[in-house]
1. Any idea which of Ile99, Ile113, Ile120 is more than 18 Å from the chain's Cα centre (by Cα), assigned to a helix (DSSP H, G or I) and at pLDDT below 90?
2. Among what's in the range 9-63 and is in contact with a Phe, Trp or Tyr (Cβ under 9 Å, 6 or more places away or on another chain) and polar (S, T, N, Q), pick the residue that is farthest from Gln98 (Cα to Cα).
3. When residues of the range 48-76 are filtered for being surrounded by 13 or more Cβ atoms within 10 Å (Cβ to Cβ), touching a residue at least 24 places away in the same chain (Cβ under 8 Å) and of a type in the set (D, E, K, R), how many remain?
4. Kindly indicate whether Glu127 is part of a loop (DSSP other than H, G, I, E, B), farther than 19 Å from Asp13 by Cβ and over 20 Å from the mean Cα position of the chain (by Cα).
5. Going by the structure shown, is Asp108 under 21 Å from Asp13 (Cα atoms) and exposed (fewer than 13 other Cβ atoms within 10 Å of the Cβ)?
6. Can you tell me which residues in the range 24-47 are of a type in the set (Gly, Ala, Ser), more than 21 Å from Gly78 (Cβ to Cβ) and buried (at least 16 other Cβ atoms within 10 Å of the Cβ)?
7. Starting from the range 27-47, take each residue that is in contact (Cβ under 8 Å) with a residue 12 or more places away in the chain and list its partners that are outside any helix (DSSP H, G or I) and of a type in the set (A, V, I, L, M, F, W, C), counting only C-beta distances under 7 angstrom and pairs at least six apart or across chains.
Amino acid sequence: MTVIRAFPSRTVDTDTLGGRLSRTRDASGISLQTLARRVGVKKQTIIDWENDRSEPSVERLTLVASVLDVTLMWLMHGVGDAPADEIGPDPLASMTAQIERLRRIHEDTGQIIERLGREIERLHRGE
């Protein structure tokens, strides 16, 4: 006898809507303030959604899914493809890559600070 499945065999994310929202926002690196601005709500509203104190309307949830680049089905029900896990299967490699990114950012920031300092000095001299 052949078994036909209506849906692909995938595990369902059993977390709450707020939990999936919070994890997805963290994984995408989007701040509470940025998500709130892009969806057109207050930061506290996003906090309430993430803590399951309230739920967004379907229209807002559709915007959230779009901003976070996940499907509405996954965000609402935990079915389908979850966002990529930033840590991945090899935490050491992931953390090493993150440290390297931070070092490059730190170096770039130092160069910007130096340029601004020189520009301020130049302006003080009246050039």
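The values are calculated or read from the model by the stated rules, or taken from the named source; none is laboratory data. Note that this is a predicted model, so its numbers are computed, not measured. All Cβ positions, even for glycine, are placed from backbone atoms using ideal geometry, and neighbour counts span all protein chains on display.
1. Details: Ile113 fails: at pLDDT below 90; Ile120 fails: at pLDDT below 90.
Ile99 is the lone residue from the list that is more than 18 Å from the chain's Cα centre (by Cα), assigned to a helix (DSSP H, G or I) and at pLDDT below 90.
2. Ser22
3. Qualifying residue count, the range 48-76: 3.
4. Working: part of a loop (DSSP other than H, G, I, E, B): yes; farther than 19 Å from Asp13 by Cβ: yes; over 20 Å from the mean Cα position of the chain (by Cα): yes.
Yes, satisfied.
5. Numbers: under 21 Å from Asp13 (Cα atoms): no; exposed (fewer than 13 other Cβ atoms within 10 Å of the Cβ): yes.
The answer is no for Asp108.
6. First, pick out the residues of the range 24-47 that are of a type in the set (Gly, Ala, Ser): 27-29, 31, 36, 40.
Still in the running and more than 21 Å from Gly78 (Cβ to Cβ): 29, 31, 36, 40.
Listed by number, the list holds a single entry, Ala36.
7. Pairs that qualify, where the first residue is in contact (Cβ under 8 Å) with a residue 12 or more places away in the chain and the partner is outside any helix (DSSP H, G or I) and of a type in the set (A, V, I, L, M, F, W, C), are Ala27/Ala84.
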